[in-house]
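Report on the following structure.
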Amino acid sequence: TDNVLLGQTLLIPLCAREPDPNQPTPTSTPPPPYPAPNLLLPIDAAAFTLAHDIVTRQWASLGVLRDGEAYQIIVEDVTADQGHRIVEYVTDTSFIVPTTFRPNDTVAHVMRWWVVPVRQTGTDEQGQPIWSPAGAASEKRVFTWIGVVAPATPAP
């Protein structure tokens, strides 16, 4: 009934508000996209040999990255369609190419590299981050890397 008695416990459910079709739906606004990173070092077409165990890629900072943002760096060996590729995520503005990526032959391998600002948009089933572009990709640069010293030519 509509009668309320003294000492009676009242249970008042919270009502769910229906969205007003005449008002915009609130959504989170993603930060604006970043410009393409400016690649600094090494210069385009630089050559590295076995003596260069440390091969560093470097680019200019886009400013302070927000939580869940990083730089995606891609380095790929484009010689003879080998499909050898590294994709790493860093918050620094440099990346040392692992020596394990160095070629194991005497051919000068052409390596292409570029950088993309990215933002974490979730996690996969293994708990690993899912990254999405958060701006423009840098230009692509190349360098050559010879992994093994060429054998000496025999004397006649």
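The values are calculated or read from the model by the stated rules, or taken from the named source; none is laboratory data. Since we're looking at a predicted model, the values are computed, not measured. Here Cβ is always computed from backbone atoms with ideal geometry, including for glycine, and neighbour counts include all displayed protein chains. Surface areas here come from the heavy atoms of the whole protein model, side chains and all, with no ligands, DNA or RNA. Shrake-Rupley method; radii C 1.70, N 1.55, O 1.52, S 1.80 Å.
Out of everything in region 71-115 that is out of contact with any Asp or Glu (no Cβ under 9 Å at 6 or more places or on another chain) and in contact (Cβ under 8 Å) with a residue 60 or more places away in the chain, what residue ends up being farthest from W145 (Cα to Cα)?
V115
Collect the residues in region 115-134 that are assigned to a strand (DSSP E or B) and among the charged types (D, E, K, R), keeping them in residue-number order.
Taking region 115-134 first, the residues assigned to a strand (DSSP E or B) are 115-123, 129-133.
The answer is R119, and nothing else.
Restricting the search to region 63-79, which residues are exposed (fewer than 11 other Cβ atoms within 10 Å of the Cβ) and on the phi > 0 side of the Ramachandran plot?
Selection gives G63 alone.
(1) modelled with pLDDT of 95 or more; (2) open to solvent by 30 Å² or more (accessible area, probe 1.4 Å); (3) not basic (K, R): which one isn't true of S138, the others all being true?
(2)
Within region 55-62, does at least one residue satisfy the condition of being open to solvent by less than 80 Å² (accessible area, probe 1.4 Å), touching a helix residue (DSSP H, G or I) at 6+ places or on another chain (Cβ under 8 Å) and under 15 Å from R141 (Cα atoms)? Steps first, please.
The first filter runs over region 55-62 and keeps only residues open to solvent by less than 80 Å² (accessible area, probe 1.4 Å), leaving 55-62.
Narrowing the set further to residues that are touching a helix residue (DSSP H, G or I) at 6+ places or on another chain (Cβ under 8 Å) leaves none.
No, region 55-62 contains no residue that is open to solvent by less than 80 Å² (accessible area, probe 1.4 Å), touching a helix residue (DSSP H, G or I) at 6+ places or on another chain (Cβ under 8 Å) and under 15 Å from R141 (Cα atoms).
Based on what the data block shows, is T99 open to solvent by 40 Å² or more (accessible area, probe 1.4 Å) and touching a Pro at 6+ places or on another chain (Cβ under 9 Å)?
On the way: open to solvent by 40 Å² or more (accessible area, probe 1.4 Å): yes; touching a Pro at 6+ places or on another chain (Cβ under 9 Å): no.
Against the criterion (open to solvent by 40 Å² or more (accessible area, probe 1.4 Å) and touching a Pro at 6+ places or on another chain (Cβ under 9 Å)), T99 does not qualify.
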